[in-house]
Amino acid sequence: MDGFAAAISLLRSVLFVLVAVLGVVCIIDWAVRTRRISPFNGVARFFRGSIDPFIAPVERRVVRAGGLPSSAPFWTFIAFLIGGILLITLLDFLRAQAISAALAFSAGGAEPLTLVIRAVFSVLRIAIIVAVIASWLPISQYSAWVRWAYRLSNPLLAPLRQFIPSLGGIDITPLIAYFLLGIIESALFHVL
C-alpha cells in the first residue's frame, strides 16, 4: 500500500504541474483567439497550428451549446482540472477501500459483512450525488456516463417523491434520501 500511496502522491504532483502548464497555455490561446496577440505573430501561428487541434473538440461542444469559440481554452482547462481532481479522488477512494478490506478480512468476525454494507451504502450515496449533478447539466439520463446512477438512485427517490413535495421547484428528495441512507446504515451497524 505504501507504493500505491507514493504513486498517488507522484501523480498528484504531475497533475499539478500539468494543470499549471495547461493554464498558461490556455491563457495564451485565449489571447490569440481574442486577438490580444497579433494573429501574425510566431506564437499565434504556433498555437493555431499546434494547440488549437487539441482544443477543437471542446470548441465544437462549446459552440454547439451556444458559447463563444474564444471560451474553448477556459473550458478545456476546467475539464482537465475537474478530471484530474476526480482521478485523484477515485484513486484515494480505491486505496482507502483496499486498506479497509485488508483490515476487515484480517479482523474476521462480522467485519467483512460490515465492509460490504458500507460499500453498498457508499455506492448508493455516490449514485445520488451523480444523478443530482447530472440533472443540473445538459446530460441525458440515458447517457452511458450517468445511466448507472439513475438506475441505482431512482428506486430510492421515486417513493420519496410521492410523499415529499418540491420546494418552489427544488427537489429535496435526494437530500432526504442521502440522510436516510446514513440513518439506515448506522441502524444496521448497531444491529451487527
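The values are calculated or read from the model by the stated rules, or taken from the named source; none is laboratory data. Quick caveat: nothing in here was measured; it's all calculated off a predicted structure. Neighbour counts run over all protein chains shown; Cβ positions are idealised from the backbone, glycine included. The area values use the complete protein model at the heavy-atom level, side chains included, leaving out ligands, DNA and RNA. Shrake-Rupley method; radii C 1.70, N 1.55, O 1.52, S 1.80 Å.
Over the chain, DSSP H runs of length four or greater, each weighted -39,500 (n - 2.57), average out per residue to a 222 nm ellipticity of -26500 deg cm²/dmol.
Please identify the helices of the chain, taking whole runs of DSSP H, that span at least 18 Å along their own axis as judged from the Cα atoms and have a mean Kyte-Doolittle score of 0.5 or higher.
On the way: long enough: 2-33 (45 Å, 1.87); 72-107 (52 Å, 1.66); 111-136 (38 Å, 1.83); 147-163 (24 Å, -0.30); 173-191 (26 Å, 1.61).
Answer set is 2-33, 72-107, 111-136, 173-191.
Taken over the C-alpha atoms, the chain has Rg and Dmax values of 22.6, 73 angstrom.
Percent of C-alpha pairs per 10 Å bin in the stretch 1-107, short distances first: 14, 33, 23, 16, 10, 4, 1.
Let's see if you can work this out: charge +1 on each Lys and Arg Cβ, -1 on each Asp and Glu Cβ, no other charges. What is the dipole magnitude of the chain about its Cα centre, in debye to the nearest 20?
Working: 15 positive and 8 negative charges, 154 e Å.
So the dipole magnitude of the chain works out to roughly 740 debye.
For the pair ILE8 and THR114, label points projected 7 Å from Cα toward Cβ lie 2.1 nm apart. The slack between ILE85 and PHE40, meaning 0.36 nm per residue of separation minus the straight C-alpha distance, is 12.5 nm.
Among the chymotrypsin sites (Phe, Trp or Tyr not before Pro) in the stretch 19-49, those placed in a DSSP loop whose Cβ has at most 13 other Cβ atoms within 10 Å are PHE40. Among the chymotrypsin sites (Phe, Trp or Tyr not before Pro) within the stretch 124-187, those in coil by DSSP and having at most 11 neighbouring Cβ atoms inside 10 Å are TYR142, TRP145.
Enter the accessible area per residue of the stretch 1-125 (Å², integer; probe 1.4 Å; all protein chains in place). Walk me through the numbers on the way to the answer.
Numbers: 7980 Å² over 125 residues.
Ligands and nucleic acids excluded, the figure is 64 Å² per residue.
Heavy-atom accessible area, probed at 1.4 angstrom with all protein chains present, ranks ARG151, ARG33, ARG60 as ARG151, ARG60, ARG33, highest first.
For the chain, which whole-number percentage of the solvent-accessible area (1.4 Å probe, protein heavy atoms only) is attributable to carbon and sulfur atoms? Walk me through the numbers on the way to the answer.
Working: 9250 of 12710 Å².
Carbon plus sulfur share of accessible area: 73 percent.
Annotation: extensible slack from ILE133 through ALA96 equals 10.9 nm (criterion: 0.36 nm per residue apart, minus Cα-Cα distance). Averaging Cα coordinates gives a centre for the stretch 36-73 and one for the stretch 82-147; these two points are 36 Å apart.
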